[in-house]
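These notes concern the structure reproduced below.
Only the coordinates and a few stated rules stand behind these numbers; no lab work does. These numbers come from a predicted model, not from an experiment. Every residue, glycine as well, gets a Cβ built from its backbone with ideal geometry; the counts of neighbours run over all protein chains shown.
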Amino acid sequence: MRIHNIAIGSVVTALLAVAVVAGCGGSGTSTALPGPGGGGHPSPTPTASPTGNPSPSPSPTGTPGPSPSPGTQAVQGSMQIAVGGSWPNPVETPAKHAEVDITCGCSPVAGTGFTDSTGNYDMLSLSTPVPTPNPQYTIVPGRNYMVIGTQTQTGDKGQEWNMIFAGNSPLTNQFLPGGTDSQADTITAAVALWVYGNSSVGGPVAFDDWNFFTLQAFYQHLLTSPTSQETQLMSDIVTEQIAKVSMYPFKPPWRPNRIKNQTIQTDVANINASTDPSVPTPCPTSGCTNTPTP
């Protein structure tokens, strides 16, 4: 099982001297931004279908937190990746010098940076976007963010996944395990991959369209009493990390040359087809409520 650590990185993301748009991310193709934090307690509808597309699509409302100041610290954490063993006892090591993409899924753009030699990352509020249109990518307080680490600089494509709720300062960020622990592990990857597989980047359902409190509850469920389908996902995450391959359930639009992982996509579909009541659903169409306080 994992060992919880408080991990605060010191890697500074490169900045572009360009205009800034307050929102999930900067791009001329950005869609209307959903409400903050994927709020709202899950309701019986919409539900996730076996194809990974929730239906009906929510149209949450709300106002994001204040725009961050340029160059300020936004989210930080660390990445661990399995290099041996098997679930539930993987042998993990820091995902050092990994490319880190962060996005709320509101548009097909992400911010990017890197972990350091100990697997720590420190993403600034304004960071280099991928793809590279202007303006810079903006991390907005009050939104959920997908965090994906890919070890491209070490000659492989091994990945670790996590999700974070961005607060008005690092002290009010929220993490999947709860508390101040932002270390990615097999279970954070399972939650993040499940949300990714049930969201449409740049479409009606973003990574932000989920109540982060329910994602934290799902993490605890996976930790203590996962179903067989959920256990299979976590087992395959460890296997795919050891194999040093990417785990996208579908191609990321901000890096369209990456490939999807059919094994992970199938695992997500199998969880959707199960009847586990612990599996969260997106925000109701009435909007996002009862979310974490930025």
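Structure values in brief
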{"quantity": "Segment Thr224-Ser278, length gained on full extension (0.36 nm per residue, minus Cα span)", "calculated": "18.3 nm"}
{"quantity": "Anisotropy class of the stretch 171-294 from Cα gyration tensor, a/c 1.5 cut", "calculated": "rounded"}
{"quantity": "Percentage relative contact order, the stretch 174-267, counting C-alpha pairs under 8 Å, at least six apart", "calculated": "28"}
{"quantity": "Cut-off 18 Å, label 7 Å out along Cα→Cβ of Thr293, residues of the stretch 110-152 by amide N", "calculated": "141-143"}
{"quantity": "Shape of the stretch 92-132, Cα gyration tensor, a/c cut at 1.5", "calculated": "prolate"}
{"quantity": "Shape call, the stretch 80-180: gyration tensor on alpha carbons, a/c limit 1.5", "calculated": "oblate"}
{"quantity": "Extension gain, Ser286 back to Ser169 (0.36 nm per residue minus Cα-Cα distance, nm)", "calculated": "39.3 nm"}
{"quantity": "Calculated FRET value between Val91 and Asn270, using beta carbons and R₀ = 25 Å, to 0.05", "calculated": "0.45"}
